[in-house]
Amino acid sequence: MSAEVEGTLRGPEAYALARRALQEMEDCGVWPTPLNFELWLHYVGDPEGPLGREIQRIMRDGESFTEQLSEALATNYLPRARLTDEIRDAGAQLSRELKSVAAAMSTAQRSQRDYGKTLADAGEGLESGAIDADGLKRLVDNLTSATEKVQTVNDTLEKRLQASTREVVKLREHLEQVRRDAMTDALTNLANRKALDEHLTRACLEADENGQPVTLAVIDIDHFKRFNDTWGHQTGDQVLRYVASVMGRLGLPPRLAARYGGEEFAIVFPGETSPIVEAAMNTIREEIASRILKRRSTNEELGAVTISVGIAQRVKGEGMASLMERADEALYASKRSGRNKVTNAGQLDQAAA
């Protein structure tokens, strides 16, 4: 997100940004819901960012900004703010737990000091030898009462610590779930663009350390706009989920399958060379093309779904952006040469040479 949207602008500048976002939404026929307004603020603030480029692609394809599409965009491109809110809430809850434990510990410390003083006084009384039978009885009663009191305080502290431990475990599990949600595409349950970027960056760094290859495959559903235009976005979502389910099977760890925009997917293959990945993607491509999907609501046949694929094996020292660019070029080559095929960027490099 741009610095403008992050809040560095104030007063007239922020007002102008908001006006521009509303004007752009009106020009494109986008209904000004709070979520759409947030998305378009990000877009006008950083039109060349990932969200900006995706919105431009959607407008070029003539897609409608439905509620489902807006939710998908927010899930893919606006997770950080939501995650920050969850972390802030969890931090406040953890702070309350720590204060409660600190108060219980303070009470226990005072009780221990009082108990120590009681024992000391009893010791002095016994040493003086001036205690009769009644005094000894009172001394024993006082010690018994003090022991019971300190035991009660200690039991309370122990229960408080146990409760806080359970609460902290729950908070940790909740934050882990929030983190997973922030990295997951809501429609397909695959990883989203943010998770893809982080995973691919980490895979490149590890490859430099261990000398292992990394191969990236990018996938695009052929003629996807036709499904939306002919059958509607709900059917289009059905197609997306179907392709995502196949990608998910192929992208089990240590691989990673992600949806990173519209009908575009990617799979990271750590430790695998491009010939192996090319064979795997051809198998998946053939499997997808062999199925005839049916519309759930009417049982009408949608026809075959095909995918185009571009793969690129990382060159030593190559960054994530360059690797993705070469895989995209291979994908476009698959599109230009008739679709429903897999193109290896290495073959394009050889042809160019």
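Nothing in this text is a laboratory measurement; each read-out follows from the coordinates by a stated rule. Treat the numbers as computed from the prediction; the structure is a model and nothing was measured. All Cβ positions, even for glycine, are placed from backbone atoms using ideal geometry, and neighbour counts span all protein chains on display.
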Between Asp121 and His223, what is 0.36 nm times their sequence separation minus the Cα-Cα distance? Round to one decimal in nm. 27.7 nm
Highest mean packing first, using Cβ neighbours within 10 angstrom, the peptides 140-146, 337-343 sort as 337-343, 140-146
Using the alpha carbons of the stretch 293-353, what is the convex hull volume per residue in cubic angstrom, as a whole number? 100 Å³
Express in nm, to one decimal, how much length is gained between Thr306 and Arg249 on full extension, taking 0.36 nm for each residue of separation and deducting their alpha carbon distance. 18.8 nm
How high is the FRET efficiency between Asn189 and Glu325 when r is their beta carbon distance and R₀ equals 35 Å, given to the nearest 0.05? 0.80
Quick one: if you stick a label point 7 Å off each Cα along the C-beta vector at Glu158 and Ser337, how many nm between them? 7.3 nm
